[in-house]
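In what follows, a single structure is set out as structure tokens and then discussed.
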Amino acid sequence: MVDDKTIAVINDNDFGIVTKVVDEENPDADITDYIYDSEVKTYTYEEKEAAPVIGIEENTEPAQIWIFTE
């Protein structure tokens, strides 16, 4: 609430970062394509062991803000 007649809503669901995946064996893979086994600490991609390098980088998409007033 900005005041008793104004609401501000912001949309920034990624907090300014995106996930980056580098995998020479699977260059078009997305982070959601992998399964991580925390017990043996390995990744699989399409049921084969994989060795992606996973990190984060800055997201340059702007956040959005809406102002609603009475």
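The values are calculated or read from the model by the stated rules, or taken from the named source; none is laboratory data. Predicted model only: the values in this text are computed from it and were never measured. For neighbour counting, all protein chains shown are included, and Cβ atoms are generated from backbone atoms with ideal geometry for every residue, glycine included. Heavy atoms of the whole protein, side chains included, go into the accessibility calculation; ligands, DNA and RNA do not. Shrake-Rupley method; radii C 1.70, N 1.55, O 1.52, S 1.80 Å.
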The range 32-70, subset small (Gly, Ala, Ser) and in a strand (DSSP E or B), residue modelled with the lowest pLDDT: Gly55
For the range 53-66: of the residues being more than 30 Å from Thr42 (Cβ to Cβ) and aliphatic (A, V, I, L, M), which is most open to solvent (accessible area, probe 1.4 Å)? Ile65
Over the range 22-38, the set of residues open to solvent by less than 100 Å² (accessible area, probe 1.4 Å), more than 13 Å from Val53 (Cα to Cα) and within 15 Å of the chain's Cα centre (by Cα) is Asp33
Working only within the range 8-55, note down all residues that are touching a Ser or Thr at 6+ places or on another chain (Cβ under 9 Å) and acidic (Asp, Glu). Asp30, Asp37, Glu49
Restricting the first residue to the range 40-52 and requiring it to be open to solvent by 90 Å² or more (accessible area, probe 1.4 Å), which pairs with a second residue that is acidic (Asp, Glu) meet a Cβ separation below 8 Å and a spacing of at least six or different chains? Glu46/Asp33
